[in-house]
Amino acid sequence: MRFWSFWFNSFVLSSQYNPPRFVELLMLLLAIAMLGIASIVPDRPYLILGLSLVVGASISILVREAIAPSPQTRITQLTASLLLIISLYGFADLMYTL
């Protein structure tokens, strides 16, 4: 029980300390779950939802870093740009196969 209490308190504190980063983390975790489900069950709605969550999270990260840079700005921007490019390529490939 103590283990779950620790994790719950960590989530509450992180959401209060930096809400935009917490929302981006939730979006990326949901995207990972949706893309994992899409790899097991070949349905397009899971793939589309996962890719759109990645696009939204990466754009949010890029905007947040442009407004208030963090100490690791270059790495964060590079990772978010890479995620954006990969997800846009996924959308383009999905549109091509339709």
Task: Choice from I86, I40, I32 showing the highest fluctuation, given a GNM over the chain with Cα pairs closer than 10 Å - done: I40
TODO: Return the carbon/sulfur percentage of the accessible area of the chain, one whole number, probe 1.4 Å, all protein chains in place.
DONE: 75
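State in Å² the accessible area per residue of the chain; use a 1.4 Å probe, count heavy atoms of protein chains only, and round to the nearest integer. Walk me through the intermediate numbers first.
On the way: 7240 Å² over 98 residues.
For the chain, the solvent-accessible area averages 74 Å² per residue.
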- [ ] Please work out how much length the chain gains when fully extended from L30 to N9, using 0.36 nm per residue of separation minus the C-alpha to C-alpha distance, in nm with one decimal.
- [x] 5.5 nm
- [ ] Please work out the Kirkwood hydrodynamic radius for the chain, using every pair of different C-alpha atoms, and report it in angstroms with one decimal place.
- [x] 14.8
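Suppose every K and R has +1 on its Cβ and every D and E has -1 on its Cβ; what is the size of the dipole of the chain about the Cα centre, in Debye to the nearest 20?
Details: 5 positive and 4 negative charges, 51 e Å.
For the chain, the charge dipole is close to 240 debye.
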Task: I75 paired with V23, simple spin-label distance in nm, labels 7 Å along Cα-to-beta-carbon - done: 2.5
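The values are calculated or read from the model by the stated rules, or taken from the named source; none is laboratory data. For clarity, every value in this text was computed on a predicted model and none was experimentally measured. Neighbour counts are summed over all protein chains in view; Cβ atoms, including those assigned to glycine, are modelled from backbone coordinates with ideal geometry. What goes into the accessible areas is simple: the full protein's heavy atoms, side chains included, and nothing from ligands, DNA or RNA. Shrake-Rupley method; radii C 1.70, N 1.55, O 1.52, S 1.80 Å.
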